[in-house]
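Just so it is clear, none of the values below were taken in a lab; they were calculated from the coordinates. Just so you know, these numbers come straight off a predicted model, no measurement behind them. Here Cβ is always computed from backbone atoms with ideal geometry, including for glycine, and neighbour counts include all displayed protein chains.
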Amino acid sequence: MDIYIEPKKKFLAEGRRLIFIKDIASVYCSGTSAEKINSIQIFTVPNGAEGVYSVSFLDIVKAVSNEIPQAKLTNTGEKEVLIEYKKEHKKTSKAFKYVQMIFVFLILLCGTATAIMSFHSDAQIPQIFNGYYSMFFGSEEHSKGVLEVPYSIGLAVGITVFFNHFGKKKLTEDPTPIEVQMTAYEDEVIKNQLDSASKKEKEK
Amino acid sequence: MNIIKHLFLILTAFSSGMIIAAGICAFIAVIGVVPRMAAKTQTPDKIKFYETAIILGGILGTLNLIFKFQISNGFLAVPAMFFVGIFIGCVAVSIAEVLDVIPIFMRRSKIKRGISAFVAAIAIGKAAGSVIYFILPHFYKL
């Protein structure tokens, strides 16, 4: 009997110590026993200790062959599933979340303004503007704005194009650069947690 | 002739702005400060909101080249500088982290434990350095 299993990257178990296959993977099989496979218990959180644990595809194979000896499993997903166990469902209030969001917003707003100004003084942009002006007109004395205004417009356009949106209006359908970074970061965190979880299991 | 020269000047300045903007934003995006903040506050779905902050911050910082902003309430400087400090702190540590200084030193010295102590040491060291820089004479001149 051919069974196709697609393990997920991560499963968050809140207040439940028994983990079944249906929690951590999607299952397809040609027979009618998908229900039976789904309800196989794959993992129990030891001592109810909060933390991260890993279940490998091999564990799934072992558990399924215990129930159905003639099963032939094919993995179409992840090799290891990260299980994060929490004793109870933690809910942060919406107001607190907004406070956090505004906090991050202000950090980024003030920080980026400082970053761009420190770049300007670091790279001596005003001097470079003087140089440009004398390149065209022979003297460095220029009214403020000839270069600064188009430069600022260019900077605004550049930032908007780079981040691919202004406010909520998106320019194209691509994800924005930091959204891409966010996905990469989350993947790295899962990888690292899996690493340390399997290290801990080996030490035991 | 003068108009053509001015047009070229404007074009040069505009292009400089676009390229520099992309450079600075790529720096902030790649260094990974924002994903960390979003993960810490559990708001990874609000990335666009944070990017708007970066866009506005970049524009504000540049407008400072043209207008000298005057904010009448001087006390606003306290929270503003607090936020700037957090941002610079995150970026400074991110640079060290991206360059893999800490992992390489830990591997070379074969120390396996005590990352938390090292991180605390870095934080205290940076804060002490900042205080010394601003308070002792000879370091900081306006």
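The table below lists the values:
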{"quantity": "Filtered trypsin sites (Lys or Arg not before Pro), the range A:150-196: DSSP coil and at most 13 other beta carbons within 10 Å", "calculated": "A:K168"}
{"quantity": "Inter-chain shielding of A:138-151 (mean C-beta neighbours from other protein chains, 10 Å cut-off)", "calculated": "4"}
{"quantity": "Between the range A:66-129 and the range B:5-37, the alpha-carbon center distance in angstrom", "calculated": "23"}
{"quantity": "Relative intensity, log₁₀ I(q)/I(0), of chain B from a Debye sum that treats every alpha carbon as a point, q = 0.10 Å⁻¹", "calculated": "-0.56"}
{"quantity": "With at most 10 neighbouring Cβ atoms within 10 Å, loop trypsin sites (Lys or Arg not before Pro) (DSSP) excluded, longest segment of chain B", "calculated": "B:1-67"}
{"quantity": "Rounded FRET efficiency, nearest 0.05, which uses the C-beta distance separating B:M106 from A:E84 and R0 of 22 Å", "calculated": "0.25"}
{"quantity": "Calculated diffusion of chain A, Stokes-Einstein form, Kirkwood radius summed over Cα pairs, 20 °C and 1.002 mPa s, µm²/s", "calculated": "96"}
{"quantity": "Derived scalar couplings ³J(HN,Hα) [the range B:112-123; Karplus, 6.51 cos²θ - 1.76 cosθ + 1.60; whole Hz; x for Gly, Pro]", "calculated": "10, 10, x, 4, 4, 5, 5, 5, 4, 4, 4, 4"}
{"quantity": "Relative compactness, the protein assembly as shown, computed as alpha-carbon Rg over 2.2 N^0.38 Å", "calculated": "1.33"}
{"quantity": "Entries of A:K87/B:K126; A:K22/A:K200; A:K36/A:K200 with Cα pairs more than 29 Å apart", "calculated": "A:K87/B:K126; A:K36/A:K200"}
{"quantity": "Backbone HN-Hα couplings from phi across the range B:75-84 [Karplus 6.51/-1.76/1.60, Hz, Gly and Pro as x]", "calculated": "5, 4, 5, 5, x, 4, 5, 4, 5, 4"}
{"quantity": "Amide proton proximity set for A:S26, modelled H, under 5 Å, gap of 5+", "calculated": "A:E6, A:K8"}
{"quantity": "Ellipticity estimate at 222 nm from DSSP helix runs (n ≥ 4, -39,500 (n - 2.57)) divided over chain A, nearest 500", "calculated": "-17000 deg cm²/dmol"}
{"quantity": "Label point distance in nm, B:S15-A:A95, each placed 7 Å from Cα along Cα→Cβ", "calculated": "5.4"}
{"quantity": "Of A:K9/A:K90; A:K202/B:K46; A:K9/A:K169; A:K199/B:K40; A:K90/A:K202; A:K191/B:K48, those spanning more than 28 Å from alpha-carbon to alpha-carbon", "calculated": "A:K202/B:K46; A:K9/A:K169; A:K90/A:K202"}
{"quantity": "Ratio Rg/Rh [Cα only; Rh per Kirkwood] for the range A:2-86", "calculated": "0.96"}
{"quantity": "Peptide A:118-127 - average C-beta neighbours from other chains (10 Å radius)", "calculated": "2"}
{"quantity": "Lys/Arg +1, Asp/Glu -1 at C-beta; the protein assembly as shown dipole; positive extreme among B:S130, A:F162, A:G48", "calculated": "A:G48"}
{"quantity": "Length-normalised contact order for chain B - Cα pairs under 8 Å, 6+ apart - percent", "calculated": "20"}
